[in-house]
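Accompanying notes for the structure given below.
The values are calculated or read from the model by the stated rules, or taken from the named source; none is laboratory data. The shown structure was predicted, so the numbers you read here are calculated from the model rather than taken from an experiment. All Cβ positions, even for glycine, are placed from backbone atoms using ideal geometry, and neighbour counts span all protein chains on display. Ligands, DNA and RNA are excluded from the accessible area calculation, which covers all protein heavy atoms including side chains. Shrake-Rupley method; radii C 1.70, N 1.55, O 1.52, S 1.80 Å.
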Amino acid sequence: DQQVKQNSPSLSVQEGRISILNCDYTNSMFDYFLWYKKYPAEGPTFLISISSIKDKNEDGRFTVFLNKSAKHLSLHIVPSQPGDSAVYFCAASFDYGGSQGNLIFGKGTKLSVKP
Amino acid sequence: DAGVIQSPRHEVTEMGQEVTLRCKPISGHNSLFWYRQTMMRGLELLIYFNNNVPIDDSGMPEDRFSAKMPNASFSTLKIQPSEPRDSAVYFCASRNSGSYNEQFFGPGTRLTVL
């Protein structure tokens with residue numbers, strides 16, 4: 001029973017266009033959400049995060065939107081670049097800034113940005 | 001500044017053998033996590049430690065799996081005996097519990113059990 005779902009296993013986008021990666025969650029107690037990026041043969045690396053008190057967080061080309069009523073978040077990449085091609089994981093946490101820090105991950109979406 | 005270090009990077013073993021995976025967290029981080037990644041289940045948490053103490057091991061699949069953290073700079077994940085279905089990539093991650101919930105991942109160990 002997955003608490004964090006990424007329903008699109010893959011996404012293909014043209015260079016320069018917008019990439020939108022989606023994530024749904026089931027537990028309304030989650031209070032912090034993160035996106036990780038993973039290249040082949042490497043560990044996931046932190047990309048951007050958002051706490052449940054916000055509905056948007058922006059960092060350069062990356063913006064994460066949170067819709068708490070819909071239990072949905074999305075990652076927007078604008079403009080997309082070939083170097084953005086990777087697997088993107090959505091993750092959620094119950095204990096923002098607390099001592100536990102356990103993250104629950106989605107299964108990932110593989111983004112391919114074509115030149 | 002060294003990140004999370006895992007060894008070995010690749011391990012190929014035969015069914016029934018003991019496998020030990022190693023992790024050195026980032027210095028100063030006091031939480032350590034072991035994950036397993038498979039195609040079917042994605043990234044799943046196996047166990048995590050806070051200040052060297054196991055907090056939640058509910059993700060450990062069976063008694064064949066065990067994890068230890070004897071000190072703040074070293075942890076092991078052991079599988080004994082190993083089975084082909086244990087083949088996966090195992091990641092270690094660490095975190096400073098005084099900061100946000102961002103975890104820093106190591107490069108992973110790709111385990112193949114024949």
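Points to keep in mind about this one:
- Top positive-direction residue, dipole computed over the protein assembly as shown with Cβ charges, set A:I20, A:T45, B:L77: A:I20
- Over all other residues within a Cβ to Cβ distance under 9 Å of B:A67, the charged ones net out to +1, with Lys and Arg as +1 and Asp and Glu as -1.
- The fraction of accessible area contributed by carbon and sulfur in segment A:45-98 is 52 percent, rounded to a whole number (1.4 Å probe; ligands and nucleic acids excluded).
- Tensor-based shape of segment B:3-50 (alpha-carbon gyration tensor, a/c under 1.5 rounded, otherwise prolate or oblate): oblate
- GNM flexibility winner over chain B from B:S58, B:S27, B:S94 (Cα, springs under 10 Å): B:S58
- Within the straight-line cut-off of under 17 Å between alpha carbons, the aspartates and glutamates reachable from A:K5 are A:D24, A:D31, B:E44, sequence neighbours fewer than 8 places apart in one chain being disregarded.
- The alpha carbon gyration tensor of the protein assembly as shown gives principal lengths a ≥ b ≥ c with a/c of 1.5 or higher and a/b greater than b/c, which makes the shape prolate.
- All lysines inside 21 Å of B:K78 as judged from Cα atoms, apart from same-chain residues fewer than 8 positions distant: B:K24, B:K68
- Once the 1.4 Å probe is applied to the protein heavy atoms, chain A comes out at 48 Å² accessible per residue.
- Cβ neighbours within 10 Å from other chains - mean over A:37-46: 5
- Burial of 30 Å² or greater, segment B:62-109 residues [accessible area, probe 1.4 Å, versus chain by itself]: B:F91, B:R95, B:Y100, B:N101, B:E102, B:Q103, B:F105
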